[in-house]
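Here's the structure we're looking at; comments come further down.
The values are calculated or read from the model by the stated rules, or taken from the named source; none is laboratory data. Treat the numbers as computed from the prediction; the structure is a model and nothing was measured. Cβ atoms come from the backbone with ideal geometry, glycine included; neighbour counts cover every protein chain shown.
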Amino acid sequence: MRGYVQRLRAERSDRTAAAIERAALRELRVRGYAGLRLSDVARRAGVALRTVYLHSRTKDALVTAALRHRAAALARRVERWRPPDAPAPAILDDLVALHERTYRAERQLLEILVGSGAPRGAEVLRSLDRVRLVLIERAVGSLAGIGALRVRPDDAIALAHAMLAYPTWRSALIGPARRRAPRLIAEALRTSLLR
């Protein structure tokens with residue numbers, strides 16, 4: 001009986017922590033770091049302010065933990081990507097499609113990291129960027145392995161890294177390309193990198 005009660009408490013604590021994290025990220029996106037108040041986080045999460053303080057002693061600790069937790073989950077999801085065993089254009093298309101899915105699913109997190117002024121936000125963004133760079137290196141390695149590159153692999157990595165970066169992607173989506181942006185980015189990469 002005791003183990004059952006402890007498991008229930010642990011599950012309830014996990015749900016509360018997840019609600020606080022979601023509320024903190026939502027408030028951070030809406031108000032920015034400077035406008036974020038822990039009382040607003042508590043209200044949005046449906047818990048007492050004291051409960052928020054039990055999970056994180058400071059606003060800085062709460063925001064940093066929420067951003068790191070969400071970024072780690074994102075990194076685990078995308079790290080598994082491998083280039084398909086396909087022709088060179090399909091490899092680039094798959095890489096662009098992965099970025100499109102990721103950016104659409106995690107737009108809130110990326111906007112927070114880029115523009116909220118959150119402490120250590122740049123550090124978290126750099127860690128995600130390192131994961132993204134590994135994916136690009138894998139794709140370019142596959143392209144080089146089948147002899148499809150027209151440029152040096154280092155140059156291909158640099159160009160793909162610049163074109164697939166979130167700020168570039170966001171600019172393309174809000175500019176005149178809008179929904180065509182992923183297709184245009186894929187075409188630009190194919191034209192620039194492939195023989």
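Can residue 57 be described as of a type in the set (Lys, Arg) and outside any helix (DSSP H, G or I)? Here the answer is yes, as residue 57 does meet what is asked. Contact map, segment 172-187: residues that are in contact (Cβ under 8 Å) with a residue 60 or more places away in the chain paired with residues that are in a helix (DSSP H, G or I) and of a type in the set (Val, Ile, Thr), Cβ distance under 9 Å, separation 6+ or inter-chain. Pairs shown: 182/96; 185/96; 185/168; 186/96. The condition (being over 30 Å from residue 35 (Cα atoms) and touching a residue at least 60 places away in the same chain (Cβ under 8 Å)) is satisfied by just one residue among 98, 194, 109, 159: 194. Residue 143 fulfils the conditions (1) touching a residue at least 12 places away in the same chain (Cβ under 8 Å); (2) closer than 27 Å to residue 23 by Cα except for a single criterion, (2). Against the list (1) surrounded by 16 or more Cβ atoms within 10 Å (Cβ to Cβ); (2) farther than 25 Å from residue 124 by Cα, the condition residue 10 fails is (1).
Would you confirm whether any residue within segment 55-67 is more than 21 Å from residue 109 (Cβ to Cβ) and hydrophobic (A, V, I, L, M, F, W, C)? No, because not a single residue in segment 55-67 is more than 21 Å from residue 109 (Cβ to Cβ) and hydrophobic (A, V, I, L, M, F, W, C). Taking the listed residues 12, 82, 77, 7, the one that is in the same structural domain as residue 143 (by TED's automatic domain parsing), out of contact with any strand residue (DSSP E or B) (no Cβ under 7 Å at 6 or more places or on another chain) and at pLDDT below 90 is 77, with no other qualifying. Among the numbered conditions (1) over 29 Å from residue 169 (Cα atoms); (2) in the same structural domain as residue 137 (by TED's automatic domain parsing), the only one that residue 51 does not meet is (2). A count restricted to segment 32-48 and to residues that are part of a helix (DSSP H, G or I) and either closer than 19 Å to residue 12 by Cα or not assigned by TED's automatic domain parsing to the domain that holds residue 14 (or both) stands at 5. Tell me yes or no: at least one residue of segment 22-30 is surrounded by fewer than 15 Cβ atoms within 10 Å (Cβ to Cβ), aliphatic (A, V, I, L, M), modelled with pLDDT of 90 or more and part of a helix (DSSP H, G or I). No, there is no match, as no residue in segment 22-30 is surrounded by fewer than 15 Cβ atoms within 10 Å (Cβ to Cβ), aliphatic (A, V, I, L, M), modelled with pLDDT of 90 or more and part of a helix (DSSP H, G or I). Looking at segment 87-195, the helices (runs of 4 or more DSSP H) lying wholly inside it that each contain 3 or more residues that are modelled with pLDDT under 85 and surrounded by fewer than 19 Cβ atoms within 10 Å (Cβ to Cβ) sit at 107-115, 166-174.
Restricting the first residue to segment 69-87 and requiring it to be over 26 Å from residue 144 (Cβ atoms), which pairs with a second residue that is assigned to a loop (DSSP other than H, G, I, E, B) and at pLDDT below 90 meet a Cβ separation below 8 Å and a spacing of at least six or different chains? Filtered contacts from segment 69-87: 70/106; 74/106.
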